[in-house]
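*Asks:* Sending over a structure as structure tokens; questions will come in a sec.
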Number of protein chains: 2
Amino acid sequence: MFSDKFEHLVNALRILPSVGPKSAQRMALHLIMKQREGAQQLAQALENAIGYIHECQICHSLTEDDVCEICRSHERDERLLCVVESPADVMAIEQSGSYKGKYHVLGGHLSPLDGIGPNEIGIPELIQRLTNGVVQEVIIATNATVEGQATAHYLFEASKHLPISMTRIAQGVPQGGELEYVDSHTLSQALHNRMQIK
Amino acid sequence: MFSDKFEHLVNALRILPSVGPKSAQRMALHLIMKQREGAQQLAQALENAIGYIHECQICHSLTEDDVCEICRSHERDERLLCVVESPADVMAIEQSGSYKGKYHVLGGHLSPLDGIGPNEIGIPELIQRLTNGVVQEVIIATNATVEGQATAHYLFEASKHLPISMTRIAQGVPQGGELEYVDSHTLSQALHNRMQIK
């Protein structure tokens, strides 16, 4: 329709998450009809992001530098290390504003069927990092999925010889969650992990 | 978060229709983590689309050339002219596969409060086009909104001196629409425009 370049744009937009053919078409028309300048800026922002953003050499989160801002910061408590699956998790925790330690991004979770073992997600490197004598507590914040749990369990087993406290983020009913709509796995976890009211 | 270039990308993505801050963040992470090549292609596709796609000189739909494929085509019936508000409407009608005439895109609808009168949407130019002695029927396919209806009405009045049949696309219950969920305006239109069963 219209032209080849229009089709190319529609197809290119489909790499965005949860954008199907109809949305892509709507986006392409919107950009061409009403947001030419914005589209130009988006193209530039994409080039820049792809060209300059890469993994932090220490924590494997994202940065434009060799080492990310959090790893460089002296304000953050380096005795605390939070282990997550992806940079998106770092972002989510940062946005909660309730963590002041450092991070370690695994870049995935254990998934033996897909050939993803401890080496593929840098567990040996993480264990190495834990032997520096600085880290006192590791908070394992992998996802509360089957794979995330397995990864947490593996990590616990692999580092329990170290003189470090290992914790796992709490699992239970989310804030604002109505019991009626909470799934039964979560509910049984919430009952099992019940806490003394102080 | 992460870096300035990441923030720029998130902000740039927000120009896309129905993309809020959360979606934009998710898209940016997805592109950087999993779709670097796709992001590169998207940047290129945006540059190309903005650089090469513009209005057709005859019908004002979108094209890479001076005159669009539909206007150039000898396969299309030039005695039929369908008037629509935007290129998106041309696309929708083409995708229905049930129209073989030519188009005229107004680029909007009458909206006196916003200062959009007949001249702003090229009504004089359209009337001019209708006096070429070739067009025999004008199908007014502006939206079934208040503004679209007003535009259709104006167009009808402005061209009723011409020896041309003026029609309006049918308005009624959409295919697959259950009466229970159809709004009352549509339902009263559908009753009013009822047709003899043949």
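*Asks:* Would you tally the residues in the stretch A:103-113 being free of Cβ contacts under 8 Å to residues at least 40 places away in the same chain and surrounded by 11 or more Cβ atoms within 10 Å (Cβ to Cβ)?
*Replies:* So the answer is 2.
*Asks:* A further question on this structure: Please count how many residues of the stretch B:64-75 are more than 11 Å from chain A (Cβ to nearest Cβ), surrounded by 16 or more Cβ atoms within 10 Å (Cβ to Cβ) and either assigned to a loop (DSSP other than H, G, I, E, B) or of a type in the set (G, A, S) (or both).
*Replies:* The qualifying residues number 0.
*Asks:* Which of the numbered conditions does B:Y154 fail, given that it passes all the others? Conditions: (1) assigned to a helix (DSSP H, G or I); (2) open to solvent by less than 50 Å² (accessible area, probe 1.4 Å).
*Replies:* The single condition B:Y154 does not satisfy is (2).
*Asks:* Of the residues that sit in the stretch B:16-63 and are farther than 25 Å from B:Y103 by Cα and among the β-branched types (V, I, T), which one is surrounded by the fewest Cβ atoms within 10 Å (Cβ to Cβ)?
*Replies:* Ranking the qualifying residues of the stretch B:16-63, first place goes to B:V19.
*Asks:* Pick from A:Q189, A:Q95: which is assigned to a helix (DSSP H, G or I), under 21 Å from A:H60 (Cα atoms) and among the polar types (S, T, N, Q)?
*Replies:* A:Q95
*Asks:* Moving on. If B:E180 meets every condition in (1) more than 20 Å from B:G108 (Cα to Cα); (2) open to solvent by less than 90 Å² (accessible area, probe 1.4 Å); (3) not in a loop (DSSP other than H, G, I, E, B) apart from one, which number is that one?
*Replies:* The failed condition is (2).
*Asks:* Now for a separate question. Hey, any hits in the stretch B:33-46 for a residue that's among the polar types (S, T, N, Q), within 18 Å of the chain's Cα centre (by Cα), within 9 Å of chain A (Cβ to nearest Cβ) and within 22 Å of A:A12 (Cα to Cα)?
*Replies:* Looking for residues that are among the polar types (S, T, N, Q), within 18 Å of the chain's Cα centre (by Cα), within 9 Å of chain A (Cβ to nearest Cβ) and within 22 Å of A:A12 (Cα to Cα), one finds none in the stretch B:33-46, hence no.
*Asks:* I'm trying to understand the selection: among the residues of the stretch B:130-150, which are out of contact with any strand residue (DSSP E or B) (no Cβ under 8 Å at 6 or more places or on another chain) and either on the phi > 0 side of the Ramachandran plot or polar (S, T, N, Q) (or both)?
*Replies:* B:T131, B:N132, B:G133, B:N143, B:T145, B:Q149 - these are the residues of the stretch B:130-150 that are out of contact with any strand residue (DSSP E or B) (no Cβ under 8 Å at 6 or more places or on another chain) and either on the phi > 0 side of the Ramachandran plot or polar (S, T, N, Q) (or both).
The values are calculated or read from the model by the stated rules, or taken from the named source; none is laboratory data. What you see is a predicted model, and the numbers here were worked out from it, not measured in a lab. All Cβ positions, even for glycine, are placed from backbone atoms using ideal geometry, and neighbour counts span all protein chains on display. Just so you know, the surface numbers come from the protein's heavy atoms only, side chains and all, with ligands and any DNA or RNA stripped out. Shrake-Rupley method; radii C 1.70, N 1.55, O 1.52, S 1.80 Å.
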